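Contents: one structure, followed by commentary.
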Amino acid sequence: MAMATTTLSATAKIPFKTTRGDCSIHFLSPPPRMCTVTRCLNRTSSFALRSASKQQSQPLPLVVSATSAAVEADPQVTTAASSKSLPFRVGHGFDLHRLEPGYPLIIGGINIPHERGCEAHSDGDVLLHCVVDAILGALGLPDIGQIFPDSDPKWKGAASSVFIREAVRLMHDAGYELGNLDATLILQRPKLSPHKEVIRSNLCELLGADPSVVNLKAKTHEKVDSLGENRSIAAHTVVLLMRK
């Protein structure tokens, strides 16, 4: 623009004004070469249009208001919707309890003869607690300690079958059923081989599942750390939930 003004004013004597769009240019006399002015104005207008277009293309700031449905979506509705969209869900559970004299050793709802048992707020059934956590995890729900807190006196000494029945109810309410379950118990003593089938049978009954989809394994910890020294017991469980 500075070059155009210099060229045009060199021959100017009479004031002259031209206006185009949002741009006004003043001359001292009519320009001798209108093509130069036209190019100048075209460039100015094109620059103004590009600037306006660039400003419009920039993302607008996000404004959260009380009427925004996406921001105020009910978390429960969101969870239900995401659950319905998945054909299957996978969950993993883990639990560990200290073994102490004077407590019963209950595994999968079965009282196993042993000189030590699980010290816990409820009956300390490490297998059922683990299965409950696996189901809750697959559903994207809080863990067993949040749903059945040990700070609540009503769960003191409670049978863990109560917890697993609630987990199964939540599973069905969400529209899922058990696809299969694989559990591993880890303890040094006692040997679980004589009790495995009884434990698995009771677990199937509590889950309402066919025995063909429930697997149970037991391993020692090769006398390593608290598990191997018969001071604790642990369990891992993986579940696959299928859409009904």
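The values are calculated or read from the model by the stated rules, or taken from the named source; none is laboratory data. This one's a predicted model, so the numbers in the text were calculated from it and none came from an experiment. Methodologically, a virtual Cβ is constructed for each residue, glycine included, from the backbone with ideal geometry; neighbour enumeration extends over all protein chains shown. Protein only, heavy atoms only, side chains kept; ligands, DNA and RNA dropped before computing areas. Shrake-Rupley method; radii C 1.70, N 1.55, O 1.52, S 1.80 Å.
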Residues 185, 178: which one is under 28 Å from the mean Cα position of the chain (by Cα) and more than 18 Å from residue 106 (Cα to Cα)? 178
On the given criteria, is residue 152 over 16 Å from residue 204 (Cβ atoms), surrounded by fewer than 20 Cβ atoms within 10 Å (Cβ to Cβ) and not β-branched (Val, Ile, Thr)? yes
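Per-residue answers, yes or no, for (1) farther than 17 Å from residue 93 by Cα; (2) modelled with pLDDT of 95 or more; (3) open to solvent by 30 Å² or more (accessible area, probe 1.4 Å); (4) in contact with a helix residue (DSSP H, G or I) (Cβ under 6 Å, 6 or more places away or on another chain):
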{"position": "181", "(1), (2), (3), (4)": "no, yes, no, no"}
{"position": "202", "(1), (2), (3), (4)": "yes, yes, yes, no"}
{"position": "205", "(1), (2), (3), (4)": "yes, yes, yes, no"}
{"position": "211", "(1), (2), (3), (4)": "yes, yes, yes, yes"}
{"position": "216", "(1), (2), (3), (4)": "no, yes, no, yes"}
{"position": "222", "(1), (2), (3), (4)": "yes, no, yes, yes"}
{"position": "225", "(1), (2), (3), (4)": "yes, no, yes, no"}
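Does residue 167 qualify as being under 27 Å from the mean Cα position of the chain (by Cα) and either closer than 16 Å to residue 234 by Cβ or in a strand (DSSP E or B) (or both)? Spell out the reasoning first.
Values: under 27 Å from the mean Cα position of the chain (by Cα): yes; either closer than 16 Å to residue 234 by Cβ or in a strand (DSSP E or B) (or both): no.
When the stated conditions are applied, residue 167 does not pass them.
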Taking residue 85 as meeting all but one of (1) at pLDDT 50 or above; (2) within 21 Å of residue 172 (Cα to Cα); (3) touching a Leu at 6+ places or on another chain (Cβ under 8 Å), write down the number of the exception. (3)
Can you tell me how many residues in the stretch 115-148 are touching a residue at least 40 places away in the same chain (Cβ under 8 Å), open to solvent by 30 Å² or more (accessible area, probe 1.4 Å) and more than 20 Å from residue 171 (Cβ to Cβ)? 1
Condition first: in contact (Cβ under 8 Å) with a residue 24 or more places away in the chain, surrounded by 13 or more Cβ atoms within 10 Å (Cβ to Cβ) and out of contact with any helix residue (DSSP H, G or I) (no Cβ under 9 Å at 6 or more places or on another chain). Now tell me which residues in the stretch 190-200 satisfy that. 190, 195, 198
Just to confirm my filter: which strands (runs of 3 or more DSSP E) fall fully inside the stretch 86-164 and include at least 1 residues that are under 22 Å from the mean Cα position of the chain (by Cα)? 88-101
Looking at the structure I just gave you, is residue 205 of a type outside the set (A, V, I, L, M, F, W, C), outside any strand (DSSP E or B), closer than 17 Å to residue 111 by Cβ and within 33 Å of the chain's Cα centre (by Cα)? yes
For the subset of the stretch 208-244 comprising residues that are among the polar types (S, T, N, Q) and assigned to a strand (DSSP E or B), which member is nearest to residue 179 (Cα to Cα)? 215
Flagged pairs (Cβ under 6 angstrom, 6 or more apart or on separate chains; first in the stretch 151-162, under 18 Å from residue 118 (Cα atoms); second open to solvent by less than 100 Å² (accessible area, probe 1.4 Å) and aromatic (Phe, Trp, Tyr)) are 155/148
